Amino acid sequence: MLDVIIYGLLAGGVLSLVAVGLTLIFGIMDITNFAHGEFMMLGMLGTATVSISLGVSPYVAVLLVAIAGIVMGVVIHFVIIKQTLGKSLYVQVFATFGLSILLQSIATMIFGTKYIALDDPLASSRVNIFGTDVEAAKLIAFVVGIALVIGIWFWLNKTRQGREIRAVAQDTYAARVVGIRPGRAYVIIFTVGVVFAVIAGGLVVPSQIANAYSGTTFTLISFVIVVLGGFGSVPGALVGGLSIGLVQAFTGVYIGTQWQQASIFVIFVLVLLLRPQGLFGRKSGDSALVGGHE
Amino acid sequence: MKNRLIILAAVSAAAILIALTSDNRFFIDTVILALIFAGFATAWNFAGGMTGLFSLGHGGLFAVGAYTPVLLREYFGVPTLVGVLLAAVFATLAALLIGAMSLRLRGHYFALATLAFTVIVTILLTNFGSVTGGDEGISLPFANSPMDLIFQEKTSYLYLALGLYIITTLTAIIVIDSKLGFQMRALREDEVTARSMGVSALRTKLIAVMMSGFFSGLAGAVFAHYTLYITPGNTAAVAVSLQPALMAIIGGMAGVFGPLVGAFLITLLKQQLITVIGADIPGLSNAFYGGLLLLSILVLPNGLIGLGKLPPLQRARNWIASRLPPRHRAESAPPPGDHDSSGSTRSTTEVNK
């Protein structure tokens with residue numbers, strides 16, 4: 001029982017890291033990003049490839065890949081995402097869906113469709129947590145993931161720039177009046193989201209095989225976490241990610257691994273119907289319908 | 001209504017002409033698939049375009065339509081034609097789930113909830129492998145048995161697909177100008193106002209999704225008997241679910257024939273890309289598809305039909321207004337009565353074909 005809890009929490013830490021980017025992009029830019037998991041996939045394949053070809057530890061490789069992720073995030077923001085700001089939902093859905101197909105096929109061209117596995121002595125060593133034997137890679141991914149999520153929360157709440165970004169999310173017009181440039185906040189948030197997803201990919205790849213189609217699942221899981229925690233809420237993404245990790249671990253052990261996915265989507269629909277604003281979200285102004293202002 | 005019937009007759013005549021004259025199997029294959037998906041996209045449009053319920057869950061309904069007649073025939077010996085009818089009925093009932101979501105959720109929330117519906121259907125089809133064949137799906141026996149809707153000749157399928165499209169579109173033509181059609185559009189434009197004027201949101205939305213589900217189910221059943229091979233991947237997957245919405249949007253959501261235009265474009269594009277670019281470099285043709293999709297949605301958010309419908313002056317004014325910072329926009333805005341039709345809502349108000 002305890003080992004199931006530990007496995008679930010460890011898996012959930014990384015899920016929080018992916019989802020926090022998605023929730024910020026949604027909460028601050030009002031963009032539904034269907035390409036989010038692809039950034040994680042690129043992080044997985046990029047880290048594995050760099051680590052194998054340069055012969056360095058994946059934890060060094062992930063830093064290089066994260067820097068490439070910054071460039072990718074800024075470019076994609078200006079070329080594509082900026083054009084969809086404020087547009088209707090279906091423009092966003094299909095622009096980001098097109099982006100996801102594009103990234104997936106570019107990854108297929110570069111890395112092929114084969115699964116890539118990574119073998120690293122540090123990552124595959126075992127550690128003991130409360131009597132449960134786990135891979136070091138999972139512990140490292142959990143610790144780094146949680147640290148980054150808490151870090152972004154502090155940055156948003158305790159620094160001037162973070163407060164400016166939250167101001168843009170609350171009222172773009174008023175933020176503009178007091179001299180904040182929303183455009184800059186959007187670039188920063190989108191890039192942070194991309195880089196977090198890339199890092200999350202780099203953190204899981206030592207303990208998990210990956211190919212060009214590994215991203216889609218994470219897009220869907222991230223949406224579940226974001227809805228569970230409440231759109232735009234960083235603590236929500238943290239708690240949501242850990243809960244989804246736990247649910248997957250328990251379903252896998254007690255019901256069967258083929259039902260792991262189904263369990264989280266059933267939870268997803270139930271949350272949407274019973275408490276659509278999520279655990280940490282605020283209720284919409286339109287009491288008749290949830291999401292009335294979009 | 002008369003104009004629309006003439007267009008429908010012309011489309012049917014063109015399809016029949018192709019069936020009679022062309023002996024290019026590849027071309028006929030494209031036309032058949034395009035007609036099936038045109039039916040599916042028109043079905044989606046009852047909910048998505050006309051009522052504004054942006055559903056990403058129609059893959060689930062399509063899958064219900066595809067699996068029902070096949071499974072019923074295999075396990076209970078139900079005649080195929082009865083099975084197809086039951087497929088549409090089951091898809092209608094499944095659509096009520098989407099309807100239930102539409103009563104509480106809107107915008108992003110509704111889109112995501114319906115997407116989850118599709119994912120759940122995919123998982124159920126995969127996990128109950130002993131009945132549905134799991135990931136590998138079901139292959140239908142290839143035999144010439146018209147009563148089972150399995151034909152030797154491709155042209156017979158063309159007539160079948162055309163029939164599906166005509167039934168769906170005739171319903172759409174009748175609905176769009178009826179009282180129900182106006183109520184659906186009123187809900188799409190402004191739900192609160194529509195309700196305050198006595199439009200029953202519950203009744204209208206449920207009827208819209210049920211019609212949508214009925215014809216999506218039919219399309220799924222025709223698709224299953226044409227490809228003779230159904231898997232969770234080609235009937236229920238997220239990509240299938242996005243397909244009808246994409247076609248309706250690329251073609252234009254507001255009219256009756258937008259989905260047809262979109263279905264032909266997308267089907268042609270997919271097939272041609274594979275033919276022209278080839279499969280030598282895996283991923284290259286898909287990269288082009290994704291890129292073109294991105295480009296067209298950014299350049300033509302109102303679809304192709306939307307492009308032709310806006311008068312040039314109006315387009316120019318909208319374009320200038322969209323380039324000005326907000327405060328200039330307020331000054332140069334048209335008089336109040338005209339106000340709603342400019343700016344962000346123009347996509348849906350002005351393009352009523």
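Table for the structure above
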read-out: Qualifying residue in the range B:173-195 (condition: crowded, with 22+ Cβ neighbours inside 10 Å, of a type in the set (S, T, N, Q) and in a helix (DSSP H, G or I)); value: yes
read-out: Answer residue from the range A:52-95, given it is aromatic (F, W, Y) and either closer than 17 Å to A:A123 by Cβ or surrounded by fewer than 15 Cβ atoms within 10 Å (Cβ to Cβ) (or both) and is farthest from the other protein chains (Cβ to nearest Cβ) among those; value: A:Y59
read-out: Condition broken by B:T171, with the remaining ones in (1) within 14 Å of chain A (Cβ to nearest Cβ); (2) modelled with pLDDT of 90 or more satisfied; value: (1)
read-out: Condition broken by B:V256, with the remaining ones in (1) at pLDDT 85 or above; (2) out of contact with any Lys or Arg (no Cβ under 9 Å at 6 or more places or on another chain); (3) of a type in the set (A, V, I, L, M) satisfied; value: (2)
read-out: Condition met for B:T30 (in contact (Cβ under 8 Å) with a residue 12 or more places away in the chain and either under 14 Å from the mean Cα position of the chain (by Cα) or buried (at least 19 other Cβ atoms within 10 Å of the Cβ) (or both)); value: no
read-out: Test result for A:G215, closer than 25 Å to A:V62 by Cβ, buried (at least 17 other Cβ atoms within 10 Å of the Cβ) and without any contact (Cβ under 8 Å) to a residue 12 or more places away in the chain; value: no
read-out: Verdict on A:K138 being of a type in the set (D, E, K, R) and touching a residue at least 24 places away in the same chain (Cβ under 8 Å); value: yes
read-out: Count of the range B:289-305 residues which are more than 7 Å from chain A (Cβ to nearest Cβ) and surrounded by 19 or more Cβ atoms within 10 Å (Cβ to Cβ); value: 4
read-out: Boolean, A:Y7 is more than 16 Å from A:I199 (Cβ to Cβ), more than 14 Å from every other protein chain (Cβ to nearest Cβ) and in a helix (DSSP H, G or I); value: yes
read-out: Options A:V227, A:V177; residue that is within 12 Å of chain B (Cβ to nearest Cβ), surrounded by 24 or more Cβ atoms within 10 Å (Cβ to Cβ) and either among the β-branched types (V, I, T) or closer than 20 Å to A:L156 by Cα (or both); value: A:V227
read-out: Residue ID - nearest to A:D171 (Cα to Cα), chosen from residues in the range A:101-111 that are more than 7 Å from chain B (Cβ to nearest Cβ) and surrounded by fewer than 23 Cβ atoms within 10 Å (Cβ to Cβ); value: A:L103
read-out: Among residues of the range A:235-263, those that are outside any helix (DSSP H, G or I) and at pLDDT 85 or above, counted; value: 1
read-out: Unmet criterion (only one of (1) at positive phi; (2) surrounded by 13 or more Cβ atoms within 10 Å (Cβ to Cβ); (3) more than 14 Å from chain B (Cβ to nearest Cβ)) for A:A123; value: (1)
read-out: Any chance A:S100 is among the small types (G, A, S) and within 30 Å of A:N128 (Cα to Cα); value: no
read-out: The range B:76-86: number of residues that are in a helix (DSSP H, G or I), loosely packed, with under 14 Cβ neighbours inside 10 Å and in contact (Cβ under 8 Å) with a residue 40 or more places away in the chain; value: 1
read-out: Any hit, the range A:76-92, residues being touching a residue at least 12 places away in the same chain (Cβ under 8 Å) and outside any helix (DSSP H, G or I); value: yes
read-out: Condition met for B:K154 (within 14 Å of chain A (Cβ to nearest Cβ) and surrounded by 13 or more Cβ atoms within 10 Å (Cβ to Cβ)); value: no
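Conditions tested, residue by residue: (1) at pLDDT below 90; (2) surrounded by 12 or more Cβ atoms within 10 Å (Cβ to Cβ); (3) farther than 29 Å from A:I80 by Cβ.
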| position | (1), (2), (3) |
| --- | --- |
| A:K114 | yes, no, no |
| A:A137 | yes, yes, yes |
| A:W155 | no, yes, no |
| A:T159 | no, no, no |
| A:I165 | yes, yes, no |
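Each row is one residue, and each column tells you yes or no for (1) among the β-branched types (V, I, T); (2) within 10 Å of chain A (Cβ to nearest Cβ); (3) more than 18 Å from the chain's Cα centre (by Cα).
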position	(1), (2), (3)
B:L105	no, yes, yes
B:H108	no, yes, yes
B:L112	no, yes, no
B:F117	no, yes, no
B:I123	yes, yes, yes
B:E136	no, no, yes
B:L140	no, no, yes
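The values are calculated or read from the model by the stated rules, or taken from the named source; none is laboratory data. As the structure is a computational prediction, the values presented were derived from the model and not from experiment. In this analysis, Cβ positions are derived from the backbone assuming ideal geometry, glycine residues included, and neighbour counts consider all displayed protein chains.
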